[in-house]
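Have a look at the structure below, then the notes.
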Amino acid sequence: MKKYLLFLVVILTSLSVSAQVKISGVVRNHRAKKIIGASITLKNSYDGTVSDSMGNFSFTTFEKGEFVIEAKMSDHKTVEQKITITKEAIVLNFVLKEEVSELKAVTVTAGSFEAGDKKRAATVMSSLDIVTTASANGDITGALKTLPGAQQVGEQEGLFVRGGAGYETKQFIDGSYVANPFFSGAADIATRGRFSPFLFKGTVFSTGGYSALYGQALSSAVILESIDLPEKSEIDASISSVFVGLGTQHLAKSKKSSYGINYGYTNVGLYFSIIKQKPDYFTMPAFHSLEGNFRFKTKKGMVKFYSSFNAQELGLRRANIDSADLKNAFGLKGTNWFNSMSWKEVLGNGWKMNWSASYSTITDDIFAQIQNQNNEYVSTGKSYIDAGSFTIKNTTNVSQIKSVFEKKLRGISAVRFGSEFWHSYTKIKYSSYYSTLSDNLFAAFAETDLYITNGLAAKIGARVEQSSILNKWNVAPRISFAYKTGKDAQMSLAYGDFYQKPENLYLYQTKDLGYVKATHYIANYSKASEFYTFRIEAFYKKYQDLIKTYPSYNNAGSGYAKGIELFWRDKKTVKNLDYWISYSYLDTKRDFNNYPMQLQPTFAANHTASFVAKKFVLKWKTGFNMTYSYATGRPYYNFQNTGSKYEIKDEGKTKSYNSLGFSLNYLPNLGKPKAKSFIVWVLSMTNVLNQEQVYGYNYSNNGNIKQAITPPAPQFFFLGCFISWGVDRSQDAINNNL
Amino acid sequence: MKKVIILSFVLVNTMFAAFSQNEKFTAAMASALEQMKAAKTPEETAAVAAKFERIGDAEKTQWLPYYYAALIKAQSAFAAKDKDKAADEATAILDKAEALEKNNSEILCTRATICYAHMMVDPMTRWMQYGAEATKNLDASIKADATNPRPVILKANSLKNTPEQFGGGCETAKPLAEKAAKLLADFKPASPIHPTWGKEVVDQILESCK
């Protein structure tokens, strides 16, 4: 018996000693590149290892019999192999196929600046960035003007992008087109945007080559995505040199729905009585704005409703350019009501739906009058002067409905398709002439995101549109590629055709017009890490079928734009200092309106640069922000009709544009955990150095008098106090400044 | 006789197997913990994490190996090139631990570590979300086990790294670190392979806040 037992022990021990079997091999990817750090596991045992810097692995095991051995690596498909372990050493190799993942894959970025708190580290601008950009005065458009591609145009609202006019840039909120994102105003004075930057969690400023999902924008698209649910319920109040406001946000206990309502009243009367303005205001610009929102979570999605109503008035007198005895009076009363609703839902099985609808109705009631020195109406008998007396009553309704479906394909590739329908109706009464325009625009679009590997992606799409007023179709292909060139670096190429309906201004004259067209070619290189962003972009744009107004209204216009743009942002090098530099070179000419030939348009400067810096001083609880903008002079022309054609009677270039803006934010309750309210004081000033700014020139009818177009006042000062109760915003301030 | 031999063979084998399984687990864990202490390079740390993961996969019912694997991944996420990815990997493993052991103070504490790693990608824009989430997890961790020093240590550490103007700095961090040191001195791990770490961090805070 003892013998047997001894025998048994000997056998057992010898087994365990001799039974150590070595398992080794190499792990590579499908392109035969070694994989470092892959985890090799003999399943159901503790045994295994990690592949070394040569992709080799080797370990020993006591296990015997049938086993599954597994090789695992992030971003790769796991591979299993069956093995039988006997006494022999085992050599086996693994080939792991790369899996395309959202985090690692390149994104197609040609032409667009993404801002917002996307998971990607390299965001360019957040809503806090917008409000802390000096010179922007809390205006989205003002902040976007510090990015490459945009012009420093001050005499008209809108974004003038890469040789395009302001009306060639369109804004979209949650997929819905915004019929008029700016307040109405008088000629030669730019107005602000109507939407607060805090409404949005993400802003994409696309300067070209954008997706087939967006249409009717020839040059640029500003794509705004509204915030989901607010963090907490709160009440906000504000008071400043030009406005007062009160609002509330209420988040339901279930944290599944919220509503908010805000009222604001702006009146610049007090401010204008202290700071002298060039025009003589007889009705001080005043605005009422009321907005409300309602949002709720659905099973796997979200519904958002937003409504904003504005009413405004203003009235001003300026000297008449043709006669020193006369004045031009201008009065405006207007309302603007914008409603948008969106519904996003994950339908399962890789399907997603995005539905949106919007309705806007805008009324403007304008009167313009030639007046004498006693501010009384006069008729001179000279038609070129008397043309300055008229009234306009204008009503515009735009409704839009859009649905987009998305299906995920293998990996993270996806197809997207959908359609949209716009109905627009405009009724205008110009003095005693009535005119109406009505259009049904139908569009269908499809695009696909193809991730060929983690380093190569393509976006291929097309858009088809039909407008009933033009009774014409257009087909617009859009293609872009992105290729990863190294760590954090990529190159992108984009090509696309873009169409836009002619402005109503032209359609009142004739409906016998076609779409205006632009073709974009863009090449871009960008390198972005946590704290730095660098990008360089070159573009070429070809304009076709632009609207000519002489000798007849037709599509005979044409043009081009080309240029190079640079952007550099650095949040790290100097502690607590965040700065960016943008530079745009633009070479553009176009023949449109009454231009006698292709000329550099009055809204285009050859060189534009901005320097923006923000520094927060913790000790003083104060943020200091500055912006310096520079642009070379823009051309101006005096075209005179010689009877058979327009000729350039006079031309020149304005002096270069320089502006230094400064603002500071003081947060007195910062870091006081027990403070019940959160307060932000804002002080800002534009054109600190009081540099003369000339946007262009107006000419008298005979061409003998040339008058500079300048801002209504050289500088703008702002002092405001914003208070919120219920939520500790100091965290907001900390994360923005650490 | 034959029967006796076979019987004894079977008996010894099963006993050996049953006994050794537990023994083997503890031994493997102990050796992995040694390896974890000794690991210096990122490669060595990754190898230890993989080892813990293998032990967890083989055992199927033990939360500790997954906990350690997740802890190592979460801590190395701070130095990782792609912090989000590393933190997401840590979360995936920690989820496995949590599936086996619900409402565990140590696991909740590691969740907070993962939140801080996410936050470090872009503290400016992520403070709100991940800072709050970390605090929530630390509070839950303390609630699950008031004697656990580790969530207190993380709180103290986070305060120390917050500027004084925002209610951080040594003034608020030091008392918390002292409390953590006391908890640590009194802390008795449930077994030799249960978590005991934290002394170095506390000492560091106390040292710099002298």
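The values are calculated or read from the model by the stated rules, or taken from the named source; none is laboratory data. Given the structure is predicted, the values throughout are model-derived calculations rather than measurements. Reconstructed Cβ throughout: ideal geometry from the backbone, glycine too, with neighbour counts over all protein chains shown.
Considering only the stretch A:258-299, state which residues are among the hydroxyl-bearing types (S, T, Y) and within 30 Å of A:A187 (Cα to Cα).
If the condition is that a residue be among the hydroxyl-bearing types (S, T, Y) and within 30 Å of A:A187 (Cα to Cα), then A:Y263, A:Y265, A:T266, A:Y271, A:S273, A:Y281, A:T283, A:S289 are the ones that fit.
Going residue by residue through the stretch B:150-162, is there one that turns out to be free of Cβ contacts under 8 Å to residues at least 24 places away in the same chain, in the same structural domain as B:G56 (by TED's automatic domain parsing) and either surrounded by 18 or more Cβ atoms within 10 Å (Cβ to Cβ) or part of a helix (DSSP H, G or I) (or both)?
No, every residue in the stretch B:150-162 fails to be free of Cβ contacts under 8 Å to residues at least 24 places away in the same chain, in the same structural domain as B:G56 (by TED's automatic domain parsing) and either surrounded by 18 or more Cβ atoms within 10 Å (Cβ to Cβ) or part of a helix (DSSP H, G or I) (or both).
Within the stretch A:620-650, which residues are over 22 Å from A:R569 (Cα atoms) and either part of a strand (DSSP E or B) or in contact with a Cys (Cβ under 9 Å, 6 or more places away or on another chain) (or both)?
The answer is A:P635, A:Y636, A:Y637, A:N638, A:F639, A:Q640, A:N641, A:Y646, A:E647, A:I648, A:K649, A:D650.
Considering only the stretch A:295-320, state which residues are of a type outside the set (G, A, S) and within 13 Å of A:D174 (Cβ to Cβ).
A:R295, A:M302, A:V303, A:K304, A:F305, A:Y306
Looking only at the stretch A:598-619, which residues are away from chain B (no Cβ under 14 Å), crowded, with 23+ Cβ neighbours inside 10 Å and not in a loop (DSSP other than H, G, I, E, B)?
A:T608, A:S610, A:V612
Condition first: under 24 Å from A:G496 (Cβ atoms) and buried (at least 18 other Cβ atoms within 10 Å of the Cβ). Can you find one or more residues in the stretch A:375-388 that meet it?
No, because not a single residue in the stretch A:375-388 is under 24 Å from A:G496 (Cβ atoms) and buried (at least 18 other Cβ atoms within 10 Å of the Cβ).
Inspect all residues belonging to the stretch A:496-507 and state whether any of them is modelled with pLDDT under 95, away from chain B (no Cβ under 14 Å) and part of a strand (DSSP E or B).
yes
So which residues in the stretch A:236-284 are of a type in the set (V, I, T) and surrounded by fewer than 18 Cβ atoms within 10 Å (Cβ to Cβ), if there are any at all?
If the condition is that a residue be of a type in the set (V, I, T) and surrounded by fewer than 18 Cβ atoms within 10 Å (Cβ to Cβ), then A:I239, A:V244, A:T248, A:I261, A:I274, A:I275, A:T283 are the ones that fit.
Return the only residue of A:K382, A:K333, A:K344 being at pLDDT below 95 and either farther than 21 Å from A:S211 by Cα or touching a helix residue (DSSP H, G or I) at 6+ places or on another chain (Cβ under 7 Å) (or both).
Of the residues listed, the single one that is at pLDDT below 95 and either farther than 21 Å from A:S211 by Cα or touching a helix residue (DSSP H, G or I) at 6+ places or on another chain (Cβ under 7 Å) (or both) is A:K382.
Report yes if some residue within the stretch A:523-541 is within 30 Å of A:T622 (Cα to Cα), within 14 Å of another protein chain (Cβ to nearest Cβ) and among the charged types (D, E, K, R); otherwise report no.
Yes - at least one qualifying residue is present in the stretch A:523-541.
Condition first: more than 14 Å from chain A (Cβ to nearest Cβ) and farther than 16 Å from B:T61 by Cβ. Now tell me which residues in the stretch B:83-109 satisfy that.
Scanning the stretch B:83-109 gives B:L94, B:N103, B:S105, B:E106, B:L108, B:C109.
Please indicate, with yes or no, whether at least one residue in the stretch A:172-179 is among the hydrophobic types (A, V, I, L, M, F, W, C) and over 13 Å from the mean Cα position of the chain (by Cα).
yes
Scanning for something without any contact (Cβ under 8 Å) to a residue 40 or more places away in the chain and assigned to a loop (DSSP other than H, G, I, E, B), does the stretch A:192-203 turn up at least one residue?
no
Give me the residue from the stretch A:524-555 that is crowded, with 19+ Cβ neighbours inside 10 Å and of a type in the set (A, V, I, L, M) and, out of that set, modelled with the lowest pLDDT.
A:A528
Would you check which residues across the stretch A:224-247 are within 14 Å of A:N293 (Cβ to Cβ) and either in contact with a Pro (Cβ under 8 Å, 6 or more places away or on another chain) or among the hydroxyl-bearing types (S, T, Y) (or both) and list them?
A:S226, A:S233
Read through the list (1) part of a helix (DSSP H, G or I); (2) over 26 Å from B:A27 (Cα atoms); (3) touching a helix residue (DSSP H, G or I) at 6+ places or on another chain (Cβ under 6 Å); (4) not assigned by TED's automatic domain parsing to the domain that holds B:Y68, then give the number of the only condition that B:G168 fails.
For B:G168, the failing item is (1).
Do we find a residue being in a loop (DSSP other than H, G, I, E, B), among the hydroxyl-bearing types (S, T, Y) and in contact with a Gly (Cβ under 9 Å, 6 or more places away or on another chain) anywhere in the stretch A:163-175?
There is no residue in the stretch A:163-175 that is in a loop (DSSP other than H, G, I, E, B), among the hydroxyl-bearing types (S, T, Y) and in contact with a Gly (Cβ under 9 Å, 6 or more places away or on another chain).
Residues that are within 23 Å of the chain's Cα centre (by Cα) and either at negative phi or outside the structural domain of A:S403 (by TED's automatic domain parsing) (or both): does the stretch A:272-292 have at least one?
Yes: the stretch A:272-292 contains one or more residues that are within 23 Å of the chain's Cα centre (by Cα) and either at negative phi or outside the structural domain of A:S403 (by TED's automatic domain parsing) (or both).
Being away from chain A (no Cβ under 14 Å) and of a type in the set (D, E, K, R) is the filter here; which residues of the stretch B:110-159 pass it?
Correct list: B:R111, B:D139, B:K143, B:D145, B:R150, B:K155.
Looking only at the stretch A:342-387, which residues are touching a residue at least 60 places away in the same chain (Cβ under 8 Å) and under 22 Å from the mean Cα position of the chain (by Cα)?
Answer for the stretch A:342-387, where residues must be touching a residue at least 60 places away in the same chain (Cβ under 8 Å) and under 22 Å from the mean Cα position of the chain (by Cα): A:S342, A:N354, A:S356, A:A357, A:S358, A:S360.
Can you pull out every residue in the stretch A:70-90 that is in a strand (DSSP E or B), among the hydrophobic types (A, V, I, L, M, F, W, C) and closer than 21 Å to B:D88 by Cβ?
The one that is in a strand (DSSP E or B), among the hydrophobic types (A, V, I, L, M, F, W, C) and closer than 21 Å to B:D88 by Cβ: A:A71.
For the stretch B:51-70, indicate whether the set of residues that are among the basic types (K, R), outside the structural domain of B:F187 (by TED's automatic domain parsing) and surrounded by fewer than 19 Cβ atoms within 10 Å (Cβ to Cβ) is non-empty.
Scanning the stretch B:51-70, I find at least one residue that is among the basic types (K, R), outside the structural domain of B:F187 (by TED's automatic domain parsing) and surrounded by fewer than 19 Cβ atoms within 10 Å (Cβ to Cβ), so the answer is yes.
Which of the residues belonging to the stretch A:475-517 are acidic (D, E) and under 18 Å from A:D439 (Cβ atoms)?
The answer is A:E503, A:D512.
Suppose we filter the stretch A:72-89 for residues that are within 22 Å of B:A46 (Cβ to Cβ), away from chain B (no Cβ under 11 Å) and among the aliphatic types (A, V, I, L, M); how many remain?
Number of matching residues: 1.
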